[in-house]
1. Working carefully through the options A:128, A:121, find the one that is of a type in the set (Ser, Thr, Tyr), within 14 Å of chain B (Cβ to nearest Cβ) and part of a helix (DSSP H, G or I).
2. Which of (1) assigned to a loop (DSSP other than H, G, I, E, B); (2) of a type outside the set (S, T, N, Q); (3) over 20 Å from residue B:166 (Cα atoms); (4) modelled with pLDDT of 95 or more does residue A:106 not meet, given it meets every other one?
3. Only residues that are among the small types (Gly, Ala, Ser), free of Cβ contacts under 8 Å to residues at least 60 places away in the same chain, more than 14 Å from every other protein chain (Cβ to nearest Cβ) and within 28 Å of residue B:119 (Cα to Cα): list them for region A:46-103, please.
4. Hey, can you tell me all the residues within region A:104-118 that are more than 9 Å from chain B (Cβ to nearest Cβ) and surrounded by 12 or more Cβ atoms within 10 Å (Cβ to Cβ)?
5. Give A:58, A:124 a once-over and let me know the one that is over 18 Å from residue A:1 (Cβ atoms), small (Gly, Ala, Ser) and within 16 Å of the chain's Cα centre (by Cα).
6. Which one is farthest from the other protein chains (Cβ to nearest Cβ), of the residues in region B:143-175 that are assigned to a loop (DSSP other than H, G, I, E, B) and more than 23 Å from residue A:3 (Cα to Cα)?
Amino acid sequence: MPRYLLSGFGPAEPASFGGYPSQAEMLQAFDDTGVFNDRLVRDGHFVFADGLQPADTATTVDGQADSPVMTDGPYLETKEHLAGFWVIEAADLDVAIALAAEGSRACRGRVEVRPFHTADSIQALRES
Amino acid sequence: MTPGDVDEVLARVHREEWARLVAVLARRFGDLDLAEDAAGAAFLEAVRRWPNDGVPANPGGWLTTAASRKAIDQLRRESVRGVKYQAAHMLDDRTPPEPTGPVDDDRLRLVFVCAHPALAMEARVALTLRLVGGLTVKEIARAFLVGETAMAQRITRAKAKIKAAHIPYTLPDADAVRERLGGVLAVVFLIFNEGYLAGAGDDPLRPELTDEAIRLGRLLRTLLPDDGEVAGLLALMLLTDARRDARVDPSGELVTLAEQDRGRWDPGQIAEGLTLVRERLAAVAAGAPAPGRYQLLAAINAVHATASSAADTDWGQILTLYDRLLKVDPSPIVRLNRAVALTELYGPDSGLRELDPLVAVLDGYHALHAARAELLRRAGRSDEAATAYSRAIALTGNPAEQAYLARRRAELDR
């Protein structure tokens, strides 16, 4: 079954309450997201999901030279960064979009839906 | 049969069979690219063979057989190289045969895939014209004043996204059909509008686009004969397009509805549009859902179509219809058109009272300034009218409209 990455985004600067307006709203979003995750598991869509520490805790590593070069901070310099994600299995994009809409409501943010490669598409890429 | 006859048959068969051919192949092989290539190759073979061999008794069947063979050949060639080794399973048609009936599911599926909401509007339009309409990339590029390479990339990218993101080649369920149908109708209406009043370029009207939109509207009507909005959109397009020959004068200037020679309206298209509007009125009276925006717009145009002159128009009826439209579609554009009806009934001041607050939201829209200029002229506020005409001229890219507005501005009594 096709796999999709559902990504949620948050501010680059660490904010109080994880970027939510208040502690109560943050806790409510966590609860709603938990309920959504349970539903993904129950209906057989769940592969993996988790939230990330703020982007300024990231380290970017370039291992292409003899010794790895490290940069303090995320790979992309943008105002918003990946804050959490789901990896799901869904029959097609319509199903994935419907789930993303639920996830978006739960976590109170916009969600990007992006398909993973499949065995077929990797094969086609190899031979392109 | 002369070669000319064969050409004519080929053109007709292409119009009639292209969408079905692509749709059947797409369902069978699960690949829009392959379906498009194989359909194109089958038509090329027909162009080569029919002039000598004669037109087959069942051209659609001949093309389906030829195209399936082309598709299988292509899959075999690719599977020799190892690509799509798994596609071999598609060689047997395991999908159940489509139920025969008024609804041709394959073509409807194709329409819904091309107008999928996950695709950008311009991609939906291009894909619909190519895969459902059968226009060439060159024709679509010319119609939208885009380079051929850019248009080809737009279509290729859309097809690649459909494949990579697994946009399903299935019909949405009944509820989703209604929801998604709005997007499909929007694609068709956008194609129509671009042809009805081209946004830019040397040609004020692009009949190839209005014709194609009407053809798509007819196809949807065949596929969804009971849907009110499908009927409404077709009626709206027919009633509007009926005025085509009267809309531009010999000097290339746009002629407004009020000034058009109504004798030049196409009586056949008007009759067909009115029949559809009456059918919907009867259906709604018999309990069908309340009319949506396309049915209401069609009804408004039906009032115009049955008036012998602008002065004889039942503006009260038009205002009532705009009031209902405003409830369904409370957009500033509807309010703009409603203001014109208000003016006809109660004079320019009442129209202007409605229009003035819209300037803030529709300042970049040429039709707002054109309508406002007209009302200001009628209210005797010539200087303000001149400014509004100038603003409309600057905003529209349509040469016929520019010519009309410039003349109106020059005629102002100042």
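The values are calculated or read from the model by the stated rules, or taken from the named source; none is laboratory data. If you're wondering where the values come from, they're calculated on a predicted model, not measured in any experiment. Please note: Cβ atoms are built from the backbone with ideal geometry, for glycine as well, and neighbour counts cover all protein chains shown.
1. A:121
2. Checking residue A:106 against (1) assigned to a loop (DSSP other than H, G, I, E, B); (2) of a type outside the set (S, T, N, Q); (3) over 20 Å from residue B:166 (Cα atoms); (4) modelled with pLDDT of 95 or more, the one that fails is (1).
3. Residue satisfying the conditions is A:49 alone.
4. A:104, A:105, A:106, A:107, A:108, A:109, A:111, A:112, A:116
5. On inspection, the qualifying residue turns out to be A:58.
6. Among those that are assigned to a loop (DSSP other than H, G, I, E, B) and more than 23 Å from residue A:3 (Cα to Cα), it is B:145.
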